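Undergrad: Handing you a structure now.
Every number in this text was worked out from the coordinates using simple rules, so none of it is lab data. A quick note: this is a predicted structure, and the numbers were derived from the prediction, not measured. No Cβ is skipped: glycine too gets one built from the backbone with ideal geometry, and neighbour counts run over all protein chains shown.
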Amino acid sequence: MIHFVLLVSRQGKVRLTKWYSPYTQKERSKVIRELSGVILNRGPKLCNFVEWRGYKVVYKRYASLYFCMCIDAEDNELEVLEIIHHYVEILDRYFGSVCELDLIFHFHKAYYILDELLIAGELQESSKKTVARIISAQDQMVEAAKEEAGSISYIIAQTT
Amino acid sequence: MASSNSLMDSLFQRSLEDLIKGLRLGESTFISKSLEEIRREIKLTDLSTKSVALQKLSYLAALHGVDMTWAAFHAVEVVSSSRFAHKRIGYHAIAQSFSDQTPVLLLITNQLRKDLNSSNEYEVSLALECLARIGTDDLARDLTSEVFTLLGSSKALVRKKAIGVVLRVFDKYPDAVKVCFKRLVENLESSDPQLLSAVVGVFCELTAKDPRSYLPLAPEFYKILVDSRNNWVLIKVLKIFAKLASIEPRLAKKVADPVCEHMRKQNVGKSLLFECIRTVFSSLSDQEVPLKLAVVKIREFLMDDDPNLKYLGLHALSIVAPKHLWAVLENKEAVVKAMSDEDPNVKREALHLLMAMVNEDNVTEISRILMNYALKSDPLFCNEIIGSILVACSRDSYEIIVDFDWYLSLLSEMARVPNCQRGKEIEHQLIDIGTRVKDARLELVRVSRALLIDPALLGNQYLHPILSAAAWASGEYVEFSKAPYEIAEALLQPRTCLLPHSIRAIYIHSAFKVLVFSLGVYFSAQEPTSSSLVQESTSSGSSAVNGFTCDSISSLVSMIELGLCSLSGTIDVEVQERAKNILGFIGIIKHEIAEKATSQDSETEVHRAIAFMEDVFSEELGPVSSTAQEKVPLPEGLELNENLEGLQEICREVLEPMAESDYSSDKVSFSVAKLRIRDQEEASSSSSPPLESSSLLAEHRKRHGLYYLSSQKSDDHKDRDGNDNNTSNEYPPANEISVDSFKSKKKLSKPRPVVVKLDEGDEPKTKPDASSSNDERLSRAIQTALMGKGKGKEKERVKENHEINLDTENIEQSSRREKKKKKNGERSSKRSSRRQKDKEASVTKPVEVPDLLL
């Protein structure tokens, strides 16, 4: 199973973290620090797998962002590489030519998409179209709710 | 009033975007300021404000490590809103921050239940996501029925997530199996690939923990393996079969064909191909056809430019190496080429493979190649190479080495590699070979001489252990050397002041041994029985030692005296003591030598003194078996107190450092001295009623304290490592004990010298035996569920399987429950013990696999 997902920029700033195993807050920061150090120091032509603390970490670099996923030693690394690519393609489709800024300002959307993709550390949806459909449906619900909130009647109802 | 406050606040609340923009401009003070704001905002009643505040907080927590557990209650409040947007934010925050210890967990149960029953599929999916992440025992128990309903839902989205959640639920609350398992298995037959991949994923995880229980489902998996075209599904199914086939060999035969099919396809995805290869190597390695095919494919991987594929190819080869070495040998050139790759991972894998290939014939060749690489690589990898060579060569008491002379020269070569940091290991091996292999001692002395003479090596602190070994060997086996004078000179050269004091002491002591030996030779050459004063070989059957003329002896003596005079005033007690010892000895014999030794009287004091010292150094130290202590028979009438607690208290602080020190001699010599004193004190002052025999023992100790092994002090303080005992007792030499309980193994082949081996038994790894009722229940529940399915299949369950599965699961469970700070070795030892257990399990009554499959 996938233990956690980590997105780190080239300067070492964390853009997204999702944990599928119990880690305390202190452990999380420690893990992030350690792993960023290891991965950011690797050269461009080296292989995408790193052994770390008995687990394997698969990472891929897209533009200035490193997508890392930590898996058990017995999982298939190439499969996880495909999962990462899958996620990036979905993000691309959703944001339209996604860039790092998109992920910075809409990080919660990135989280929701990731939630549709992975559940309990396993891949649950391998079709990009389906994921896109679900997310847009959810967005519509949010939009509808927002509109309702913005209406004057609602504000009046709140204050009284 | 309060509401107007909230209105104002909500109108002017900083949104998430503002927060992010602010953060990009300035960091930590901004964070603390915003935290203040958030704390205020989140306590308001207006749900929108609350939710925005929560969103900001979860952002900070996720990316900047801010603790958000204090907001747990507020998260629950936000989730209770009817608006989807709020719910989303709330669930997200919950999934991120809740753990098993969050106190407000109870409050969620109802909310989750409501959402799980909602008609809006997105709300349901939110709740499911959340449950998957934070599910505890209670939550799992309470919500099982909802999950059960959802497993049969018509909406694919919901079903899929429910399946994912099942994994967590089963984990925490095994009784859920009774309810949900049937539906889960029904989903195996679904045609929707999405559902299928979810189900198969769940089973993959479950079988990883407990393969035996899922064996009856093999036919369904087989169907999927043959029919499905979806790579994701196939990979998972292959993993399942890898686990199942390792406990059920008949399955392996059946599965081999479809696996080969997949491998032979033209456009097969690399990930699928790799998984096939991995399955073949780990579980189907007895089947010829798939094995050969897999090896061919691996070759393609290795030839590819992509470093990922190269790494995976090497990794897969290392899986198969233990059983099928021919596969590795076929690809030898590729492996060697990989050693010079840029990627450190690839290099490491290649190194492991090379080590796996090593055997008697090619050890020289491989070491040569490896040493070349070591010289060229960075320090880390260089030491890895050297370390792995050392390990491989010393396995089983140097099993693979035929030519020890070559090996000793290799060791000295390693010492000269600039980055070498493996001094301790090399030292250990030098001494080890010296004590075990008689025939190699000549070469050992030659090698040591070369090391000692070179002044450049003294500066490198990593080499000091090697130098100490060289000094010891030169002293101990000085009879093999051609020019003792040179050795003595080298041992006392002024540059040795760079050495730490402990090693200096060893140097001085070896010089002493050399001196005694030379004097012995000189004086025995002067015996009236010998015909000439010239060449006289000693009794140890070594090469001829140059006879000592009177001049050479006196120059030797004076050189040593000169060298040691300066040391007689050093600060370090050890060095000073030894220097003074030798100077004292020289003082006794000096006048005799100066007198040109005309007297042939062998009864002079000097002669006696020299004969005595020779005697002291003549006992050979051999390796001591770790069980030697137990083999010493107890003398009659000796009664030992069970636990010499009194001794423990006194000696504990003294014995502990000794047990830990490997080869640091000065600590040992001091502790031995201390022990002697303490021992006498103890013996005289002990008021506990020792019986006559133990007081006799104490008296005996007093008289012969010098000759006692220090670890005999407390009988329950056994030697943990026989070798430790051996080398730690070398200084001072008076503490010699030659235990007669070692056996030497004679080899039949002529050229290979005899290596003394002992019956050192390693303790077998004790398997952990924790029992957890959860896992037992889970496997039992699954098995009853499958039995209850009927469908005309006959199954047999054996109770023993429970216990065995219990242990394997416990290992897996406990290893999962611990914090994730595990070491590699520990993990692999647990896995190997698990594999061992699986083998055990398969030996007991096998489960009857349904005939459909066979």
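Undergrad: How shielded is A:69-77 by partner chains, expressed as the average number of their Cβ atoms within 10 Å of its Cβ atoms? Walk me through the intermediate numbers first.
TA: On the way: counts 0, 1, 0, 3, 4, 7, 5, 10, 6.
The shielding value for this peptide is 4.
Undergrad: Go through region B:315-323 residue by residue and turn each phi into a ³J(HN,Hα) via Karplus (6.51, -1.76, 1.60, θ = phi - 60°); whole Hz please, and just put x for glycine and proline.
TA: 4, 5, 4, 5, 5, 8, 3, x, 8
Undergrad: Sticking with this one: At a Förster radius of 56 Å, what calculated FRET efficiency corresponds to the Cβ-Cβ distance of residue B:286 and residue B:608, to the nearest 0.05? Each step should come with its number before you reach the end.
TA: Details: r = 73 Å, r/R0 = 1.30.
Taking R0 as 56 Å, the efficiency between residue B:286 and residue B:608 is 0.15.
Undergrad: For residue B:450 and residue B:265, calculate 0.36 nm times their separation in residues minus their Cα-Cα distance, and state this gained length in nm to one decimal.
TA: Details: separation 185, 0.36 × 185 = 66.60 nm, distance 6.17 nm.
60.4 nm is the gain from fully extending residue B:450 to residue B:265.
Undergrad: Using the Karplus curve 6.51 cos²θ - 1.76 cosθ + 1.60 with θ = phi - 60°, what ³J(HN,Hα) values do you get for each residue of region B:500-510, in whole Hz, with x for Gly and Pro?
TA: Rounded to whole hertz, the list is x, 4, 4, 6, 4, 4, 4, 4, 5, 5, 5.
Undergrad: Amide H neighbours of residue A:15 under 5 Å, counting only residues 5+ apart in sequence or on other chains, H built in-plane at 1.01 Å?
TA: Excluding prolines and chain starts, which carry no amide H, the hits are A:7, A:8, A:9.
Undergrad: Working out 0.36 nm times the residue gap between residue B:36 and residue B:618, then minus their Cα-Cα distance, what length gain in nm do you get to one decimal?
TA: Values: separation 582, 0.36 × 582 = 209.52 nm, distance 8.11 nm.
Taking 0.36 nm per residue and subtracting the Cα distance, the gain is 201.4 nm.
Undergrad: Here's a follow-up. Of B:204, A:70, how do they rank once you tally other Cβ atoms within 10 Å and put the fewest first?
TA: Working: B:204 22, A:70 27.
Least to most surrounded, the residues fall as B:204, A:70.
Undergrad: Additional query: Counting only residues 5 or more places away or on other chains, whose amide H sits under 5 Å from the amide H of residue A:4 once H atoms are built in the peptide plane?
TA: The answer is A:20, A:70.
Undergrad: Using the number of other C-beta atoms within 10 angstrom as an exposure proxy, rank A:99, B:393, B:382 with the fewest first.
TA: A:99, B:393, B:382
Undergrad: Residue by residue, what Karplus-based ³J(HN,Hα) values in Hz, rounded to whole numbers, does region B:344-354 have, using 6.51, -1.76 and 1.60 with θ = phi - 60° and x for Gly and Pro?
TA: These are the phi-based 3J(HN,Hα) values: x, 4, 4, 4, 5, 4, 4, 4, 4, 5, 4 Hz.
Undergrad: Can you list residues whose amide H is under 5 Å from residue B:285's amide H, if they're 5+ apart or on another chain and H is modeled 1.01 Å from N?
TA: none
Undergrad: Right, here's the next one. Does region A:1-128 classify as rounded, prolate or oblate by the C-alpha gyration tensor (a ≥ b ≥ c root eigenvalues; a/c under 1.5 gives rounded; else a/b over b/c gives prolate, otherwise oblate)?
TA: Numbers: a/c = 1.31, a/b = 1.19, b/c = 1.11.
Rounded, because the longest to shortest axis ratio a/c is under 1.5.
Undergrad: Rounded to the nearest 500, what is chain A's calculated 222 nm mean residue ellipticity when only DSSP H runs of at least 4 contribute -39500 (n - 2.57) each, over all residues?
TA: Details: 6 runs with 83 residues, N = 160.
Theoretical 222 nm ellipticity from helices: -16500 deg cm²/dmol.
Undergrad: So for B:521, A:14, fewest C-beta neighbours within 10 Å to most, what's the order? Write out the running numbers ahead of the final one.
TA: Numbers: B:521 22, A:14 18.
Ascending Cβ contact count within 10 Å gives the list A:14, B:521.
Undergrad: Of the cross-linked pairs B:43/B:114; A:30/A:146; A:18/B:43; A:128/B:292; B:310/B:424; B:87/B:160, which ones have a Cα-Cα span greater than 32 Å in the structure shown? Don't skip to the end; give the middle numbers.
TA: Values: B:43/B:114 24 Å; A:30/A:146 38 Å; A:18/B:43 27 Å; A:128/B:292 37 Å; B:310/B:424 34 Å; B:87/B:160 21 Å.
The answer is A:30/A:146; A:128/B:292; B:310/B:424.
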